[in-house]
Every structure is written in structure tokens, then in C-alpha cells.
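The structure appears right after this line, and notes come after that.
The values are calculated or read from the model by the stated rules, or taken from the named source; none is laboratory data. Quick caveat, the model's predicted, so the values are computed rather than measured. Every residue, glycine among them, receives a Cβ derived from its backbone with ideal geometry; neighbour counts consider all protein chains shown. When the accessible area is computed, the model is the full protein with side chains, heavy atoms only, and any ligands, DNA or RNA have been set aside. Shrake-Rupley method; radii C 1.70, N 1.55, O 1.52, S 1.80 Å.
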Amino acid sequence: MSSLYQNFIGGRWVPARSGRTFFNHNPATGEILGEYPASSSEDLDEAVLAAASAYRSWRLTPAPKRAEIVFRAGEIIRERKEDLARAMTREMGKVLAETRGDVQEGIDMAYLAGGEGRRMYGVTTPSEMPNKWAMSVRCPVGVAGVITPWNFPFAIPSWKLMPALVAGNTAVFKPAGDTPEMAWHFTRIFEEAGLPPGVLNLVFGSGAQVGQPMVEHPRVQVISFTGSTEVGLGINATAGKLGKRVSLEMGGKNAVIVMDDAQLDLAVEAILWSAYGTTGQRCTACSRVMVHAQVHDELARRLAERARALKLGDGLEPETQMGPLVNESQVKTVEKYVAIGRNEGQLVAGGARATDGALARGHFFQPTLFADVKSTARVATEEIFGPVLALVKIQSLEEAVAINNASAYGLSSSIFTQDVNRAFAAMRDLDTGIVYVNHGTTGAETHLPFGGTRGTGNGHREAGHTMLDPFTEWKSVYVDFSGRLQRAQIDNN
Ligand code: NAD
């Protein structure tokens, strides 16, 4: 018997008004895990009104007090880290070491955002006039609508909701349909940490039934979205017509560059982890390697050998190195791209669904490697979001940078070289939001800004010292204590 979960609206756990529900599944075993409200715009509307009402007092709660609740939530997450990680592996498949890392990002973010409550620095500056004070302060925006994907079901809500709440916004949270349980835990923890009713509201349901009405809702002042570029751009178009503030974190096609002077052992380890970790389902996953022609064949041989040896299975088993894809539709996408890739490069590892023994019950796919792929091939340019890697031969750093920067996406990139001049040139020239030197494309730390250029984003960065930017407006305040009218914006000379 699966458990029945509810929405969280105005501090109460309630079913969808329609009574309709949906189920979540374990992608490694097919087991049903729980039943959730399939909400509609009616439920969303209630949640937005609850958030708008709670905003009146939450915005006036001192920021250090707001932040204390976020910090306390971080302490609860820390106590429950292992249980949360296990629940996450059951729900979306990645191996325990990775789900522990996902939960840890929630803890790190709670501490970082908690500290921000005692900073939230504004700026003071001299006025043009005598006896006049000038400053600018951060203000909350209002009700934040938060829409998240399934691949980092604890970390991504943390990056968005924790800064939003510290800044004094209230929120309505719509998680992905594949990972409702993690959103439920997240919200329960904030309830336990003492968040007042209505400050955080949770509405389960589909993008069409809950996400779209959220974007269109006149009382939602800011949308923070992470997910595919296709959906993100649709949201941007709707929000644009309404003049609504929107922060987008979207797809990626992240590249590692391996130069002829690279430490190949290190590059192999890093590429394996970046390409096949989380079964290739990270927005920062490496899915193409621009490798110098002199080391291409050697790298292909070593990567293929290591990819074939990866142990697939249920992420809860300690020996498992790669879990399943999240659902059947993702398997179909990967199968489609592998069929395309067969005509675009040389298949040197994997290429098929993995069905040995218990794997047949889940959505498993072999770690797949294509060598000698053209830089313009579809497997080298389109986001696949699965364990599929393409090697592209290059002759120079300039060529690799040009290929990287021609991509529709710009999240993360990396270079392996021992040459400091090449490393610095790459840091300067690679047009992505994140650049790594002698490290793979994954592994962001919460206290640095996170986000990407081109099709990956719309100029915002989450986390780091930029965490409050999407969720605050600047207000400039002038205080004239001269006792007379001093006019600015007029020629006083
Ligand atoms: P998705 O775009 O299918 O869904 C993301 C969220 O949007 C879900 O909650 C979904 O229900 C909702 N949604 C769908 N249609 C909507 C609509 N019309 N209006 C409003 N909301 C709607 O993405 P996904 O499959 O959950 O996640 C995978 C994608 O996310 C990949 O493209 C990956 O690169 C991207 N991603 C990006 C980052 C980043 O920081 N750049 C991080 C993680 C994942």
C-alpha cells in the first residue's frame, strides 16, 4: 500500500479540490511509492492567495529572524540526511553517494542563506547635496512561484526557496511530477522549523495544470524555473507578455576539452564521473569531449574500457556505480539519440538498454560512448540527458573553444592541460557560466554563483553571492535633512 500525500496550503495539508491523484514510482524497480494530489488551477489559486496574505507580515519579520528559521531547517535536514538520501534514491534512482550530496547541498544552502539574513547588504553613497543621505536597500518582490525539475529534487528547491524566504518573499512551490516525495519532505521540514502558515505553500501537479497557471497568475510577482530549455522559453514568453520577472536555469551540453599535454589518467576519471554520474542526467553532465587528435584514440580506448566496467543497479546497493534513467520516456529519448549516433560516429561502448537480471524491471541503459564524432553531429550538439558521450577530434585550443562557444547552451565547460597559458586562455575564452580547469564539468559549490549563458539561462545566477538577486528589488532612498528644498536632476551650477 502506497502512502497518500497532500498539498500544503496556508499551513494546512489538503487534498486537491478535484480529488484526483497521481503516483510516483521507483525507477529501479517499478514499485509504486506514493499517491499525490493531481492539482489544478483552483488549488494553485488558493495557494497563491495564502502566500499573498502571509506576505503582509512575513515581509515585516526582521530578516535575521526569517533566516533563523531557514538555518533551523538546515539543522533538521542534517539530522535526517541519511533518510532523505535513501528516499531520494528510491524516488529518482541516483546512487546513494550522489543523493547524500544532493541533500548536503540543501544543508550548505540553509547555512549560507541563513547567514545572508544578517547581511543582505545595501549600499550607502554620498549625496550631491549637503545635509542629505542616500542609500539603496534590497526589498522582497512578493509571491515567488518556484518550478523545479526532478534531477536535483532537494538541492534545486533549496537554491531557490531558501534565499527567496530569507529575502522576505512568500512562495508557492511546484515540484516535478517524478519527485513529489522530496518536495513533501522539504516542505514538512520548513513547517517543523517554524515557518508561519502561508509563507511556503506546496502544490503538486503537472506543468500544464499547475505550472502554467502559476506563471500566468497576477498575484505571482516572480517565477524561478529550472528545467528544460523548451519549457523555460515558453514560460519566458508568457511572463514576458505580462511584464513578469523570471529567472531561468535550463538545459546544457557541457564539454570537456582534453589537450595533448593533459594528464590522461585524471581526465579519464573526471570524464567518467561527469558523463555517467547521475546516469548523465545532470544539467552540468559532460556529454561531449573535444579531444586533441593526438590523444583521441587512446582516450577513446580507456574510456570505453572503463564505461563497460561500470556496475549498473539499484542505487541503494553499495556496489552500484550507475543507477537507472528516471522514467520510460527518458529511455526512449536515449534510444532515439543512440540510433542517430550510430550514423554519426563510431560506437565504442554500450548502445543498448541494460536488461540483465533485476535490471529488466527498471529503466537502465548501458553507458554509451561514440568516438570520432563531427562537432556538428546531433549527439554532439543536442541535450540527451542520459549516459551518452561523444568524442570530437580537435587540432588546437582555439578550435575547441570555437566549438564550445557555438553551442546553443552555455552552462559548464572544462579543460585538461598542464600548460598554464592554455588554462588561462580557456578561462577567459570559454563562454559558459562555469569553467573548470583539470576537473570535470560537474561539482558546483553552493557559495559560488550557478547558471549559464545562451540557451541555458536568461542572465540570472543562483546561489553564491548572487542568491538574492532574482528575489529582491532595489529601492533607492533619499533622506533630506537640510530643512529646505534641494533640487536634483536640474542644473544647479
Ligand atoms: P521539464 O522542463 O520537463 O520540467 C521542469 C518543471 O517544469 C517541472 O516541474 C514541470 O512540471 C514544469 N513544467 C512543464 N511544463 C510547464 C509549463 N508549461 N509551465 C510551467 N511549468 C511547466 O524538465 P525536467 O525533465 O524536469 O528536467 C530536466 C531538464 O532540466 C534538463 O533540460 C536539464 O538540463 C534541466 N536542468 C537545468 C539545471 C540548471 O541549473 N541549468 C539544473 C537541473 C536540470
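Condition first: surrounded by 15 or more Cβ atoms within 10 Å (Cβ to Cβ) and in a loop (DSSP other than H, G, I, E, B). Can you find one or more residues in segment 106-121 that meet it? There is at least one residue in segment 106-121 that is surrounded by 15 or more Cβ atoms within 10 Å (Cβ to Cβ) and in a loop (DSSP other than H, G, I, E, B).
Filtered by the rule that a residue be under 19 Å from Ala171 (Cβ atoms) and away from the ligand (no atom under 16 Å from the Cβ), segment 123-160 gives Arg138, Cys139, Pro140, Val141, Gly142.
Residues that are of a type in the set (S, T, N, Q) and not in a helix (DSSP H, G or I) were ranked within segment 410-424; the one that is farthest from the chain's Cα centre (by Cα) is Gln418. From the list Leu411, Leu391, Leu397, which residue is within 16 Å of the ligand (Cβ to nearest atom) and either more than 27 Å from Thr279 (Cβ to Cβ) or open to solvent by less than 10 Å² (accessible area, probe 1.4 Å) (or both)? One residue alone meets the criteria, Leu411. The set of residues in segment 282-308 that are of a type in the set (S, T, N, Q) and crowded, with 24+ Cβ neighbours inside 10 Å comprises Thr284, Ser287.
Selection within segment 249-281: residues that are more than 16 Å from the ligand (Cβ to nearest atom) and part of a loop (DSSP other than H, G, I, E, B). The member of this set that is most open to solvent (accessible area, probe 1.4 Å) is Gln263. Among the residues of segment 181-198, is any within 14 Å of the ligand (Cβ to nearest atom), closer than 30 Å to Gln330 by Cβ, touching a helix residue (DSSP H, G or I) at 6+ places or on another chain (Cβ under 7 Å) and open to solvent by 30 Å² or more (accessible area, probe 1.4 Å)? Checked against the condition, which is being within 14 Å of the ligand (Cβ to nearest atom), closer than 30 Å to Gln330 by Cβ, touching a helix residue (DSSP H, G or I) at 6+ places or on another chain (Cβ under 7 Å) and open to solvent by 30 Å² or more (accessible area, probe 1.4 Å), segment 181-198 yields no hits at all.
Out of curiosity, is Ser482 small (Gly, Ala, Ser), modelled with pLDDT of 95 or more and either under 22 Å from Ala167 (Cα atoms) or in the same structural domain as Trp159 (by TED's automatic domain parsing) (or both)? Full working, then the answer.
Values: small (Gly, Ala, Ser): yes; modelled with pLDDT of 95 or more: yes; either under 22 Å from Ala167 (Cα atoms) or in the same structural domain as Trp159 (by TED's automatic domain parsing) (or both): no.
When the stated conditions are applied, Ser482 does not pass them.
Within segment 199-216, the set of residues being within 12 Å of the ligand (Cβ to nearest atom), within 22 Å of Tyr36 (Cβ to Cβ) and either open to solvent by 50 Å² or more (accessible area, probe 1.4 Å) or assigned to a loop (DSSP other than H, G, I, E, B) (or both) comprises Val203, Phe204, Gly205, Ser206, Ala208, Gln209, Gln212. In the set (1) outside the structural domain of Thr278 (by TED's automatic domain parsing); (2) of a type in the set (Lys, Arg); (3) closer than 18 Å to Asp260 by Cα, the condition left unmet by Lys393 is number (1). Note on segment 370-388: residues that are of a type in the set (S, T, N, Q) and more than 16 Å from the ligand (Cβ to nearest atom) total 2. If I filter segment 300-312 for residues that are assigned to a loop (DSSP other than H, G, I, E, B) and of a type in the set (A, V, I, L, M), do I get at least one hit? The answer is yes, given that some residue of segment 300-312 is assigned to a loop (DSSP other than H, G, I, E, B) and of a type in the set (A, V, I, L, M).
A count restricted to segment 217-244 and to residues that are crowded, with 18+ Cβ neighbours inside 10 Å and charged (D, E, K, R) stands at 1.
Residues of segment 171-194 that are among the polar types (S, T, N, Q) and farther than 11 Å from Leu161 by Cβ: Thr179 alone. Does Gly232 satisfy the condition of being closer than 28 Å to Gly433 by Cβ and either among the acidic types (Asp, Glu) or touching a Pro at 6+ places or on another chain (Cβ under 7 Å) (or both)? In short, no. Taken over segment 217-241, the criterion of being in contact with a Phe, Trp or Tyr (Cβ under 7 Å, 6 or more places away or on another chain), within 10 Å of the ligand (Cβ to nearest atom) and either assigned to a strand (DSSP E or B) or of a type in the set (A, V, I, L, M) (or both) is satisfied by Ile235 alone. Would it be correct to say that Gly455 is away from the ligand (no atom under 13 Å from the Cβ), out of contact with any Cys (no Cβ under 7 Å at 6 or more places or on another chain) and not hydrophobic (A, V, I, L, M, F, W, C)? Judged against the criteria, Gly455 is not a match.
Yes/no matrix, rows are residues, columns are (1) touching a strand residue (DSSP E or B) at 6+ places or on another chain (Cβ under 6 Å); (2) in a helix (DSSP H, G or I); (3) within 16 Å of the ligand (Cβ to nearest atom):
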residue	(1), (2), (3)
Ala426	yes, yes, no
Tyr436	yes, no, yes
Glu445	no, no, yes
His460	yes, no, yes
Glu473	yes, no, no
Ala488	no, no, no
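The rows are residues; the columns are (1) surrounded by fewer than 15 Cβ atoms within 10 Å (Cβ to Cβ); (2) in contact with a Pro (Cβ under 6 Å, 6 or more places away or on another chain).
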residue	(1), (2)
Tyr5	no, no
Ile9	no, no
Pro15	no, yes
Asn24	no, yes
Ala28	no, yes
Glu31	yes, no
Glu35	no, no
Ser39	no, no
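The requirement of being surrounded by fewer than 18 Cβ atoms within 10 Å (Cβ to Cβ), within 26 Å of Met92 (Cα to Cα) and within 16 Å of the ligand (Cβ to nearest atom) is satisfied by Lys332.
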